Amino acid sequence: QWDPNSSNGQVIVHLFEWKWSDIAAECENFLGPRGFAGVQVSPPNEYVEVYQGDVKRPWWERYQPVSYKLVTRSGDENAFKDMVTRCNNVGVRIYVDAVINHMSGGWPMGTGASGGSSFDSGAESYPGVPYSAFDFNDGNCHTGSGNIENYGDANQVRNCKLVGLNDLNQGTDYVRGKIREFMNKLISYGVAGFRIDASKHMWPGDMKAIFDSLDNLNTDFFKAGARPFIFQEVIDLGGEAISSGEYVGNGRVTEFRYGKYLGEAFRGNNQLKYLNNFGEGWGMIDRHDALVFIDNHDNQRGHGAGGDMILTFRVSKWYKMATAYMLAWPYGYTRVMSSYYWDQWWENGQDKNDWIGPPHDGSFNIISPSFNADGSCGNGWICEHRWRQIYNMVEFRNVAHGTDMNDWWDNGSNQIAFCRGNKGFLAINNDGWDLKETLQTCLPAGTYCDVISGSKNGGSCTGKSVTVGGDGKAYIEITTMEDDGVLAIHANSKL
Ligand code: LM2
Ligand code: CA
């Protein structure tokens with residue numbers, strides 16, 4: 001449950017709100033060849049179709065399940081199966097975002113659902129599963145509103161409603177059985193694991209009972225006895241009743257402090273020199289238990305954790321620098337975010353457009369990304385994973401896998417550099433002046449292509465070249481005028 005079950009690489013990408021058919025093609029055309037381990041996909045099961053005044057088909061409707069039928073805006077069950085098979089065939093794994101803490105919020109009778117199921121949220125009746133009022137926690141929640149009111153009280157956080165969402169009782173055999181059936185069906189199709197949504201809001205013991213009862217992975221694609229990869233979404237920035245440490249016995253746990261602290265450092269609220277022991281040294285969970293990322297679909301739009309410190313595609317220079325640091329740094333299992341664009345509308349420190357769903361046509365069908373000559377995306381898709389500086393660092397992480405960090409250097413403020421064994425070297429300049437230093441790269445003598453300013457193309461380099469001497473040292477230059485404040489060379493970028 002800690003092993004992503006991938007032999008293709010060390011990095012997964014969240015293709016947020018992508019269609020199944022587009023993901024299948026992306027596995028074949030880009031992710032497989034580029035060494036991505038797998039894809040986190042949006043929730044695949046039926047949910048409420050939200051039309052609420054101006055808020056039409058928000059992305060967050062997918063976090064309000066109505067049944068476990070595999071019918072969504074991303075495609076139907078056949079499209080889902082086809083995606084899983086095609087991605088597995090090119091070595092790219094699929095990880096499902098599993099929304100199992102709750103069902104929908106309160107909606108008027110007759111509200112539509114993506115698979116056509118009826119439901120009565122007031123009566124807590126979901127015939128598509130079926131669930132009825134017995135299966136929900138109401139009797140176990142003792143707040144006046146029935147909602148979570150105080151995050152200092154673990155009982156409330158787990159037994160009351162999260163923002164009005166009908167809260168399932170995972171303590172019962174029946175509910176456990178329905179969730180197990182849903183997850184086992186996905187396993188039988190060949191998925192490699194799950195992101196467990198809202199894990200903080202479920203009892204770790206209930207989750208363990210469910211995970212322990214899951215089938216082994218499908219042996220058409222995985223070795224016999226392989227267990228599903230589990231990463232539990234727990235937001236723990238400290239100071240609450242519930243901590244991520246309660247979940248490490250079940251699988252990996254999202255480490256939200258990681259992206260927040262990196263955001264603070266790159267935005268200048270802290271100095272990069274302190275990153276020399278980033279990870280456990282900063283009070284984060286053990287690296288073997290952690291799932292890390294710069295931003296996710298929630299905190300890139302002000303939901304969830306980290307506030308305005310989080311770096312996103314909108315501050316692209318810092319974003320690429322922080323992502324390069326993450327992918328070069330030996331801590332945790334890494335996830336790259338892949339977003340779509342929306343216009344923000346700030347009022348009183350709130351983006352009133354934070355609900356906007358993926359690019360769509362007049363009937364709210366999701367539009368596929370288009371691809372430009374340089375490989376970047378169009379049609380409203382940002383595709384951070386197709387930015388050269390990011391996908392080249394995915395290769396860096398794969399190449400450096402299995403080595404430690406060594407030969408840390410810093411200038412006493414925001415210029416840093418380090419090696420990964422004799423496999424890779426990274427330097428970052430986030431100061432207001434040029435970096436011009438001769439540094440230890442730990443690489444064998446030779447000329448290397450900097451995979452940030454360009455790419456290795458046959459025997460030549462489209463960006464800066466770095467000459468490493470017999471002593472492993474090289475002259476490194478990153479001026480403040482450059483597009484990216486990073487330089488990266490590795491064993492595979494030798495010319
Ligand atoms: C998560 N992790 O624990 C997801 O990452 C996050 O995206 C989900 O919230 C949340 N948990 C529940 O699965 C999102 C979104 C919320 C949205 C919910 C449910 O951030 O804003 O809540 O999905 O769709 C929305 C409305 C809220 C309303 C609620 C119920 O924003 O005002 O509450 O629906 O109808 C009355
Ligand atoms: Ca709960």
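Read the figures in this text as sums done on the coordinates, not as results from a lab. Nothing here was measured: the structure is a model prediction, and the numbers come from that model. Quick reminder, even Gly has a Cβ in these numbers, built from the backbone with ideal geometry, and neighbours come from all protein chains shown.
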Discussion item. I'm checking my understanding of the structure. Among residues of segment 297-328 that are part of a loop (DSSP other than H, G, I, E, B), surrounded by fewer than 24 Cβ atoms within 10 Å (Cβ to Cβ) and not small (Gly, Ala, Ser), which one is nearest to the chain's Cα centre (by Cα)?
Written reply: HIS297
Response to the item:
Within segment 34-49, the count of residues that are within 16 Å of ligand 1 (Cβ to nearest atom) and assigned to a loop (DSSP other than H, G, I, E, B) comes to 6
Discussion item. Please determine whether any residue of segment 343-358 is over 28 Å from SER21 (Cβ atoms), in contact (Cβ under 8 Å) with a residue 24 or more places away in the chain and assigned to a strand (DSSP E or B).
Written reply: yes
Worksheet item: From GLY106, GLY177, which residue is surrounded by fewer than 15 Cβ atoms within 10 Å (Cβ to Cβ), within 16 Å of ligand 1 (Cβ to nearest atom) and not polar (S, T, N, Q)?
Response: GLY106
Worksheet item: So which residues in segment 50-73 are in a loop (DSSP other than H, G, I, E, B) and either away from ligand 1 (no atom under 16 Å from the Cβ) or under 20 Å from ASN184 (Cα atoms) (or both), if there are any at all?
Response: VAL66, SER67, TYR68, LYS69, LEU70, VAL71
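Condition check ((1) more than 30 Å from ASP410 (Cα to Cα); (2) of a type in the set (D, E, K, R)) across all residues:
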site	(1), (2)
ILE187	yes, no
PRO204	yes, no
LYS208	yes, yes
VAL234	yes, no
GLY239	yes, no
SER244	yes, no
VAL253	yes, no
LEU262	no, no
GLY279	no, no
Discussion item. Being among the small types (Gly, Ala, Ser), away from ligand 1 (no atom under 16 Å from the Cβ) and buried (at least 19 other Cβ atoms within 10 Å of the Cβ): is that true of GLY205 here?
Written reply: no
Worksheet item: Taking LEU31, is it within 18 Å of PRO130 (Cβ to Cβ) and away from ligand 1 (no atom under 13 Å from the Cβ)?
Response: no
Item to complete: Can you work out which of the residues in segment 254-296 that are touching a helix residue (DSSP H, G or I) at 6+ places or on another chain (Cβ under 8 Å) and of a type in the set (Lys, Arg) is surrounded by the most Cβ atoms within 10 Å (Cβ to Cβ)?
Response: ARG257
Discussion item. Taking the condition of being more than 16 Å from ligand 1 (Cβ to nearest atom) and in contact with a strand residue (DSSP E or B) (Cβ under 8 Å, 6 or more places away or on another chain), how many residues in segment 116-137 meet it?
Written reply: 7
Discussion item. Pull out all pairs, ordered by first then second residue, where Cβ-Cβ is under 8 Å, the residues are six or more apart or on different chains, the first lies in segment 130-153 and is free of Cβ contacts under 8 Å to residues at least 24 places away in the same chain and under 19 Å from TYR174 (Cα atoms), and the second is outside any loop (DSSP other than H, G, I, E, B) and within 16 Å of ligand 1 (Cβ to nearest atom).
Written reply: SER132/TYR126
